[in-house]
1. Can you tell me which residue within segment 43-56, out of those that are surrounded by 22 or more Cβ atoms within 10 Å (Cβ to Cβ) and touching a helix residue (DSSP H, G or I) at 6+ places or on another chain (Cβ under 6 Å), is farthest from THR117 (Cα to Cα)?
2. Between residues in segment 190-212 that are closer than 18 Å to ALA101 by Cβ and residues that are among the hydrophobic types (A, V, I, L, M, F, W, C) and assigned to a helix (DSSP H, G or I), which pairs lie under 9 Å by C-beta distance while being six or more apart or on different chains?
3. Just the residues that are more than 10 Å from the ligand (Cβ to nearest atom), among the hydrophobic types (A, V, I, L, M, F, W, C) and in a helix (DSSP H, G or I), please, taken from segment 93-127.
4. Being closer than 30 Å to ALA155 by Cβ and not small (Gly, Ala, Ser) is the filter here, so list the residues in segment 184-213 that pass it.
5. Picking from GLY176, GLY143, which residue would you name as being over 19 Å from LEU21 (Cβ atoms) and either in contact (Cβ under 8 Å) with a residue 12 or more places away in the chain or crowded, with 16+ Cβ neighbours inside 10 Å (or both)?
6. Output the residues belonging to segment 65-87 that are near the ligand (Cβ under 8 Å from one of its atoms) and at pLDDT 95 or above.
7. Take the residues of segment 16-48 that are closer than 23 Å to ASP84 by Cβ and in a loop (DSSP other than H, G, I, E, B): which is nearest to the ligand (Cβ to nearest atom)?
Amino acid sequence: MTFEFIIVEPEYKKHIALIRLNRPDALNALNLQLMGELRDALKELDDNDEVRVIVLTGNEKAFAAGADIKQMADKNAIDMLKIDQFTTWDQIKKTKKPLIAAVSGFALGGGCELAMTCDMIVASESAKFGQPEIKIGVMPGAGGTQRLTKAMGKALAMEMILTGNFIDAEKALQHGLINRIAPVELYLDEAIKLATEIALQSPLATQMAKEAIVKSFDLGISEGVLFERKNYYLLFAGQDQKEGMNAFIEKRKPDFKGN
Ligand code: DAK
C-alpha cells in the first residue's frame, strides 16, 4: 500500500497495522488527498484478516494540526457541499477493527476530531488537544461539538470550543478524553503495547464489543442493551467462544483464530 501523505505498515507487529500521517511540513494538516488515502488504507486493513488492531499516529511534533486551511480558505458553501468530506469521514468512522490514536504534539481541529473518531487515544507528554476553529471564524465540523462534549462534559467542551484554547495531555487524561500518557520517546510503544493486548483477544468478540460500545452513543440504554444482547448471542455461533471457554476449563492460554 503506497500513498503520498500516509505511510502504511500492515504488519508492523503480529496482527497490528500502523498508519503514519506524513505531511510533516504542514504539521500533518489533513488535506483532501490525505483523508482519501486514510479512508482507503483503513478499508484495506479492515478487510485483511491478518490485521486485528490498527494504530494511527503522526510524528512527535504533530498528530495533525487540523484540516488544511489553505485548501479551504477560498471555498464557498456550495464548493464545500460538492467536496462532501462527510462521506470520507463517515467511511473512516465505520472501521470495524479497534483503532488506536497515538498522539504527540498538536491534535487540533480536524486532528482532534480524527483522534476522537479513533476508539482509544494514547498521548505523549507533549500532546496538545484543541478545537481552535473559532479563531479562524468557523466551528468544529467533523463531530467535535458532540464527541468532545460526550468525552469531557459540557463545561470544558464549551470553554475549549468557544475560546479555541488547547489543553495538555494531563488535563485530557483527567477529563477522560484519552487513555494513557507516556514520555515522548515511548508513546508509540505504549500504543503498540495496548494494541498487542487487544490483538491477543478474540477478533470476533473484539469487533462485536466495539460495535456495541460505538452504538451506545446513538442509542438509549434499553435499545443499546438489546443491541449488545444480539452481539453476545452471535458470538456463540463462532469457534472463538468455544476456544476461549475450553481454554479456561483446560487451564491453558486461548488461541483465537477469529472464526
Ligand atoms: N492547515 C494548513 N497548513 C497548516 C495548518 C493547517 N491546519 N496548520 C499548520 N500549517 C502549516 C503552516 O501554515 C506552516 O506552513 P508554512 O508557512 O511553513 O508553509 C507549517 O504548517 C508550520 O506551522 P506554523 O509555522 O504555524 O507552526 P507553529 O509551531 O508556529 O504553530 C500551530 C503551530 C499548530 C499552533 C499553528 O500552525 C496553527 O495554529 N495551525 C492551525 C490550527 C487550526 O486552526 N486548526 C483547525 C483548522 S480547521 C470537516 C472535517 C474537518 C474539519 C471541518 C469539517 N467535515 C467532514 C465537513 C476540520 C476543520 C479544521 O481543522
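1. Step by step, filter segment 43-56, then rank; the result is ARG52.
2. Every condition considered, the pairs that remain are THR206/ILE198; THR206/ALA199.
3. Result: ALA115, MET116.
4. VAL184, TYR187, GLU190, LEU194, LYS210, ILE213
5. Exactly one residue qualifies, and that residue is GLY176.
6. ALA65, GLY66, ALA67, ASP68, ILE69, LYS70, GLN71, MET72 - these are the residues of segment 65-87 that are near the ligand (Cβ under 8 Å from one of its atoms) and at pLDDT 95 or above.
7. ALA29
Quick grid of which residues meet (1) among the aromatic types (Phe, Trp, Tyr); (2) in contact with a Lys or Arg (Cβ under 6 Å, 6 or more places away or on another chain); (3) more than 27 Å from GLU197 (Cα to Cα); (4) assigned to a loop (DSSP other than H, G, I, E, B):
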| residue | (1), (2), (3), (4) |
| --- | --- |
| VAL55 | no, no, no, no |
| PHE63 | yes, no, no, no |
| LYS70 | no, no, yes, no |
| ASP79 | no, no, yes, no |
| PHE86 | yes, no, yes, no |
| ASP90 | no, no, yes, no |
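The values are calculated or read from the model by the stated rules, or taken from the named source; none is laboratory data. The structure displayed is predicted, hence computed values, not measured ones. Backbone-built Cβ (ideal geometry, glycine too); neighbour counts: all protein chains shown.
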